[in-house]
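Shown next, in structure tokens, is the structure this report addresses.
The values are calculated or read from the model by the stated rules, or taken from the named source; none is laboratory data. In this text, all values refer to a predicted model and were calculated from it rather than measured experimentally. Using ideal geometry, Cβ is built from the backbone for each residue, glycine included, and neighbour counts are taken over all protein chains shown. Heads up: the accessible areas ignore ligands, DNA and RNA and are worked out on the full protein's heavy atoms, side chains in. Shrake-Rupley method; radii C 1.70, N 1.55, O 1.52, S 1.80 Å.
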Amino acid sequence: LGALTAGAQPVIPNPSFEADTFTVFPGYVSGNAPITGWTSGDPARSGINPGGGSPFADNGVIPNGSQVAFIQNSANSSLSATVSGLTVGTAYKVNFRVNARGGNNANLRVAIDGADIINTGVTSVGGANAYKYFAFDFTASAESQTLALHNNAGGDNTVVVDDFSIAPKNSGWSYAAW
């Protein structure tokens, strides 16, 4: 585990997608604006949805705030952000929450600087259930790296994400006095 630089705090921008309000239905980047801190690979297939009757955030309890980001399947379906404040050689844990549009079988592929970390199916949580927890580890190779989310599902399937956080990974070991 690398040493942390004094004051260095890793940052994922706009981690719960609350910085923007999209007013053009159904919430695509192409009809609204870029998502603050994030880049869309296909602005006509990704965007932001509030809870309560949105076409993509149509099930489950939104984990943090009132909005989530969504990625519909297409050849270029992705959202990416620059994670900054990293210390080279330090292992980090990224946590976030994920869901799929009601009845969908989406696929989420997560990459850091183009290297795949996660590639898994995502089904909807249904009703008023909590979004699923996802986490992955990576070791920083630069002070800033690109986090990319892709939806590789076939057909019209949508993955929904929210509530990103990042922190140095602990060893997983702990002890306490008896």
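Every test in (1) out of contact with any Asp or Glu (no Cβ under 9 Å at 6 or more places or on another chain); (2) not in a loop (DSSP other than H, G, I, E, B) is passed by Asp156 save one, and that test is (2).
Annotation: Pro10 fulfils all but one of (1) crowded, with 20+ Cβ neighbours inside 10 Å; (2) at pLDDT 95 or above; (3) closer than 21 Å to Thr123 by Cβ; the unmet one is (3).
In the stretch 31-55, the residues that are surrounded by fewer than 21 Cβ atoms within 10 Å (Cβ to Cβ) reach residues that are small (Gly, Ala, Ser) and modelled with pLDDT under 95 with C-beta atoms within less than 6 angstrom, at least six apart or across chains, in these pairs: Asp42/Ser74; Asp42/Ser77. Close Cβ contacts (under 6 Å, 6 or more residues apart or on different chains) running from residues in the stretch 129-158 that are without any contact (Cβ under 8 Å) to a residue 40 or more places away in the chain to residues that are in a strand (DSSP E or B) and among the β-branched types (Val, Ile, Thr) comprise Lys132/Val98; Phe134/Val98.
When you check Asp162 against the structure, is it at pLDDT 95 or above, open to solvent by 60 Å² or more (accessible area, probe 1.4 Å) and closer than 20 Å to Ile12 by Cα, yes or no?
On the way: at pLDDT 95 or above: yes; open to solvent by 60 Å² or more (accessible area, probe 1.4 Å): no; closer than 20 Å to Ile12 by Cα: yes.
Considered against the rule, which asks whether it is at pLDDT 95 or above, open to solvent by 60 Å² or more (accessible area, probe 1.4 Å) and closer than 20 Å to Ile12 by Cα, Asp162 comes out as no.
The set of residues in the stretch 106-133 being polar (S, T, N, Q), buried (at least 16 other Cβ atoms within 10 Å of the Cβ) and not in a strand (DSSP E or B) consists of Ser124 alone.
Look at the stretch 81-105 and say how many of its residues are outside any loop (DSSP other than H, G, I, E, B), farther than 19 Å from Gly47 by Cβ and open to solvent by 10 Å² or more (accessible area, probe 1.4 Å).
Pass one, the stretch 81-105, residues outside any loop (DSSP other than H, G, I, E, B): 81-84, 91-100, 105.
Narrowing further to those that are farther than 19 Å from Gly47 by Cβ: 82-84, 91-95, 105.
Next, only the ones that are open to solvent by 10 Å² or more (accessible area, probe 1.4 Å) stay: 82, 84, 91, 93, 95, 105.
Final tally of qualifying residues: 6.
Based on what the data block shows, is Ser16 of a type in the set (Ser, Thr, Tyr), open to solvent by less than 50 Å² (accessible area, probe 1.4 Å) and touching a helix residue (DSSP H, G or I) at 6+ places or on another chain (Cβ under 8 Å)? Break it down into steps so the answer makes sense when it comes.
Values: of a type in the set (Ser, Thr, Tyr): yes; open to solvent by less than 50 Å² (accessible area, probe 1.4 Å): yes; touching a helix residue (DSSP H, G or I) at 6+ places or on another chain (Cβ under 8 Å): no.
The answer is no for Ser16.
Going by the structure shown, is Thr36 outside any strand (DSSP E or B), in contact with a Leu (Cβ under 7 Å, 6 or more places away or on another chain) and farther than 16 Å from His150 by Cβ?
Details: outside any strand (DSSP E or B): yes; in contact with a Leu (Cβ under 7 Å, 6 or more places away or on another chain): no; farther than 16 Å from His150 by Cβ: yes.
So Thr36 fails the test.
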